[in-house]
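These notes are about the structure you will find just below.
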């Protein structure tokens, strides 16, 4: 009399199929999470642009209060900018360059997952650039491509 059940090969085959399915879900799930984070970073960058306009209109020094003097971050003395910078960092991005003077500014922000970076400037440009593209912001007067 034969006992009904699964053979070892059948069980291993089912386990292998499950492992392949789990790997696919993990790979595509990670990509979706990074895309979601980068969408939120883009929203934060658009908010930086709005705050820059407010700073320009409310400040006799133009855009100078947008960035730190070192040019590597947003001016955390402004609570809204500090919150945005922290949010970008929590999402896996970072402020790459932030250069500003009385009449102009140029800001670049790295995206999460090494997916390139975003650039905004005082002329209203909002550009996506690949990771290997050159840095467009070398001075406050520079513009995004």
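The values are calculated or read from the model by the stated rules, or taken from the named source; none is laboratory data. A quick note: this is a predicted structure, and the numbers were derived from the prediction, not measured. Backbone-built Cβ (ideal geometry, glycine too); neighbour counts: all protein chains shown.
Per this entry, residue 22 is not counted among residues that are modelled with pLDDT under 95, surrounded by 10 or more Cβ atoms within 10 Å (Cβ to Cβ), part of a helix (DSSP H, G or I) and touching a helix residue (DSSP H, G or I) at 6+ places or on another chain (Cβ under 7 Å). Taking the criterion of being under 12 Å from residue 131 (Cβ atoms) and assigned to a strand (DSSP E or B), the residues of segment 103-117 that qualify are 108, 110, 117.
Could you please find all residues in segment 25-67 being in contact with a strand residue (DSSP E or B) (Cβ under 9 Å, 6 or more places away or on another chain) and in a loop (DSSP other than H, G, I, E, B)? Selection gives 62, 63, 64, 65, 66.
Remark: pairs (first residue in segment 15-44, free of Cβ contacts under 8 Å to residues at least 40 places away in the same chain; second residue surrounded by 13 or more Cβ atoms within 10 Å (Cβ to Cβ); Cβ separation under 6 Å; 6+ apart in sequence or on different chains) are absent. Among all residues of segment 68-79, there is at least one that is assigned to a helix (DSSP H, G or I) and either free of Cβ contacts under 8 Å to residues at least 60 places away in the same chain or within 18 Å of the chain's Cα centre (by Cα) (or both). Could you list all residues from segment 80-102 that are in a loop (DSSP other than H, G, I, E, B) and either at positive phi or out of contact with any helix residue (DSSP H, G or I) (no Cβ under 8 Å at 6 or more places or on another chain) (or both)? Hits for segment 80-102 are 92, 101, 102. For the condition farther than 19 Å from residue 141 by Cα and in contact (Cβ under 8 Å) with a residue 40 or more places away in the chain, residue 114 does not qualify.
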